[in-house]
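**Q** Supplied in structure tokens, the structure appears directly below.
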Amino acid sequence: MSDLSTYPLRLPRSIRAGVERLSKQDGVSINQFVSIAVAEKVAMMQAHDYFSQRSARADLAAFDELMQRSVGEPPRPGDER
């Protein structure tokens with residue numbers, strides 16, 4: 001049993017024509033093309049939220065302090081710039 005649901009989608013004719021053309025070029029059905037496009041958009045928005053939350057917690061003063069430290073070891077052979 002699959003975990004799919006249906007959703008009636010209304011698209012302007014111009015967008016529908018573009019979806020038909022691109023899905024044909026991609027060799028997938030219109031349904032699969034739209035599903036992939038929605039999944040990509042959801043993933044992008046979730047990633048944006050995740051990185052926004054992470055950057056809000058950033059301690060830039062601690063980062064600057066860490067980057068200015070003088071301890072450490074020189075790059076190993078092959079790790080140079």
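**Q** For the range 38-75, give me each residue that is closer than 30 Å to Val19 by Cβ and either of a type in the set (A, V, I, L, M, F, W, C) or touching a strand residue (DSSP E or B) at 6+ places or on another chain (Cβ under 7 Å) (or both).
**A** If the condition is that a residue be closer than 30 Å to Val19 by Cβ and either of a type in the set (A, V, I, L, M, F, W, C) or touching a strand residue (DSSP E or B) at 6+ places or on another chain (Cβ under 7 Å) (or both), then Val38, Ala39, Val42, Ala43, Met44, Met45, Ala47, Phe51 are the ones that fit.
**Q** Note down all Cβ pairs under 8 Å where the first residue falls in the range 20-47 and is free of Cβ contacts under 8 Å to residues at least 40 places away in the same chain, the second is surrounded by fewer than 12 Cβ atoms within 10 Å (Cβ to Cβ) and not in a helix (DSSP H, G or I), and they're at least six residues apart or on different chains.
**A** Ser23/Ser29; Val34/Leu9
**Q** Return yes or no: is Ser14 surrounded by fewer than 10 Cβ atoms within 10 Å (Cβ to Cβ), hydroxyl-bearing (Ser, Thr, Tyr) and in a loop (DSSP other than H, G, I, E, B)?
**A** Judged against the criteria, Ser14 is not a match.
Conditions (1) part of a helix (DSSP H, G or I); (2) surrounded by 10 or more Cβ atoms within 10 Å (Cβ to Cβ), marked per residue:
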residue: Ser2; (1), (2): no, no
residue: Thr6; (1), (2): no, no
residue: Gly18; (1), (2): yes, yes
residue: Arg21; (1), (2): yes, yes
residue: Lys24; (1), (2): yes, yes
residue: Val28; (1), (2): no, yes
residue: Val38; (1), (2): yes, yes
residue: Ser55; (1), (2): yes, no
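Computed from the coordinates by the stated procedures, all read-outs in this text should not be read as laboratory data. For clarity, every value in this text was computed on a predicted model and none was experimentally measured. Neighbour counts are summed over all protein chains in view; Cβ atoms, including those assigned to glycine, are modelled from backbone coordinates with ideal geometry.
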